[in-house]
Amino acid sequence: MTVAVVGAGVIGLATAFALAERGYPVTVYDPAPGSGASTVAAGMLAPVGEAGFGEDALTRLLVEGARRWPAFAARLSAAAGMDVGYRDSGSLLVARTADDLAEVRRLCAHHESLGLASVPLRAGELREREPLLAPGMRGGALLPEDHQVDPRRVVAALLAAIQAAGVRVVRRAVADLSTVEEPVQVLAAGWRSGPLAGLPVRPVKGQLLRLRGTGLRHVIRGYVDGRRVYLVPRADGEVVVGATSEERGDTTVTAGAVRELLCAAVELVPELAEYELVEARAGLRPGTPDNAPVIGEVAAGAASGALGSAGNRLRLGSPRVFVATGHYRHGVLLAPLTADAVADLVSGRDPAQVVKPFGPERWRDA
Ligand SMILES: Cc1cc2nc3c(=O)[nH]c(=O)nc-3n(C[C@H](O)[C@H](O)[C@H](O)COP(=O)(O)OP(=O)(O)OC[C@H]3O[C@@H](n4cnc5c(N)ncnc54)[C@H](O)[C@@H]3O)c2cc1C
């Protein structure tokens, strides 16, 4: 039984990898594999830093997503014969003003209430861990469980691994799922899954920068006069500075966003002003009404009802259609868990309990 995966971002590729590992023949459809949000992303694996107020089920998902990364990175690196840049050196929250520090302390209290690891740090302790921080920082916290990976390496490794496993990659866009012949289909086309399946998935634009220079030791999530900025330093000297969040569907890089990101970043770490500016990019996160992914089978009834749109309705009955999209800010973090969940569903097994609240039926039932 061949499985079609529509979309070759980190979600579709990880899913194809998991299906191939379980012995399924797989065909991936994408006109430009790896051209979506996945190769723009910073690659933070941040279940704690991303733990939102009132999002406890999503936080449990993120925590489980992070737990799967070390084994996934090892398997993928072995299959592709390349390193994917997984680094487990933790992250720092850094506050510049008294108000910023109050916000960081509020977050730490939230982490503690959920049983998540976060260790408050005084200004001096922060500077000891990260000597390049500007002298005026008020304090912050260590998030020892928040790590990182290089999403570009992950996408390249996944492409190499699936091709080595015999997965067919067809470079064409799927305009309508009814044109896909395979009896089992996984829709993983990022924000474009919305229009393809009539799901409430929309693009949320994020702009970020890539610098080059050395010296930073940790991922830093900065709170700078109420603005948020993160820095993700890689072993190879790349430093990602991100990111905007805009309710727009274009990928234009704007001067204003570049200025905002650079100003906030340099206020945190003045030495960044000396680094090479290598790239400015924008990507489109697949966002949903509740900021959480949608992973599950699209039932025939659902497809013909609230989830279907007049022109692009999913076909009823056979074939079976699964969706894996809407990962918003967490697609890299959630790729291994999502891939396992979809492979479980395709094989007729129950996915992990933490995934169950995130099926497509939650909007039909709303
Ligand atoms: C600035 C920024 C920073 C981010 N930082 C992080 C981070 O630190 N950590 C994290 O976990 N996440 C992060 N994200 C989020 C993450 O990038 C996304 O959640 C993730 O990449 C979504 O992956 P995807 O495979 O669903 O979509 P995409 O990567 O967008 O891939 C979708 C693929 O589908 C293909 N496609 C589209 N339409 C069709 C069609 N009709 N037929 C066939 N193929 C089609 C596209 O060509 C594309 O290759 C960030 C995102 C942005 C924009």
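Relative to one another, the C-alpha centroids of the range 109-160 and the range 189-206 are positioned 30 Å apart. Each Lys or Arg adds one and each Asp or Glu subtracts one; over the other residues with Cβ under 12 Å from the Cβ of ALA173, this totals +1. Largest first, the three principal axis extents of the alpha carbons in the chain are 62, 43, 37 Å in whole numbers. Putting +1 on Lys and Arg Cβ atoms and -1 on Asp and Glu Cβ atoms, find which of ALA74, LEU114, GLY54 reaches farthest to the positive end of the dipole of the range 50-150. Working it through, the farthest residue towards the positive pole turns out to be ALA74. Once the chain from ARG364 to SER89 is taken as fully extended at 0.36 nm per residue, the excess over their C-alpha distance is 94.9 nm. Entry for the range 224-292 at q = 0.17, 0.21, 0.25 Å⁻¹: log10 I(q)/I(0) = -0.71, -1.01, -1.25, Debye formula applied to identical alpha-carbon scatterers, no solvent contribution. Going from the fewest other Cβ atoms within 10 Å to the most, the residues SER35, SER178 appear in the order SER178, SER35. Treating r as the C-beta distance of PHE53 and ARG212 and R0 as 35 Å, the FRET efficiency rounds to 0.45. Estimated at 0.36 nm per residue, the fully extended path between ARG127 and ALA173 surpasses their Cα-Cα distance by 11.6 nm. Among the GluC sites (Glu not before Pro) in the range 195-299, those placed in a DSSP loop whose Cβ has at most 11 other Cβ atoms within 10 Å are GLU247.
Loop-resident chymotrypsin sites (Phe, Trp or Tyr not before Pro) (DSSP state other than H, G, I, E or B) in the range 8-94 with no more than 10 further Cβ atoms inside 10 Å of their Cβ: PHE53.
For a paramagnetic label modelled on ALA98 (point 7 Å from Cα along Cα→Cβ), amide N atoms under 17 Å away belong, within the range 138-160, to 138-140. Panel order for TRP363, TRP69, by other beta carbons found within 10 Å of each beta carbon, from fewest to most: TRP363, TRP69.
In this structure, SER318 and ASP250 have a Cβ-Cβ separation that, at R0 = 56 Å, corresponds to a calculated FRET efficiency of about 0.90.
Just so you know, all these numbers are worked out from the coordinates, no wet-lab data involved. Values in this document were obtained by computation on a predicted structure and should not be read as measured data. Because the Cβ atoms are built from the backbone with ideal geometry, glycine has one as well, and the counts that use them run over all protein chains shown.
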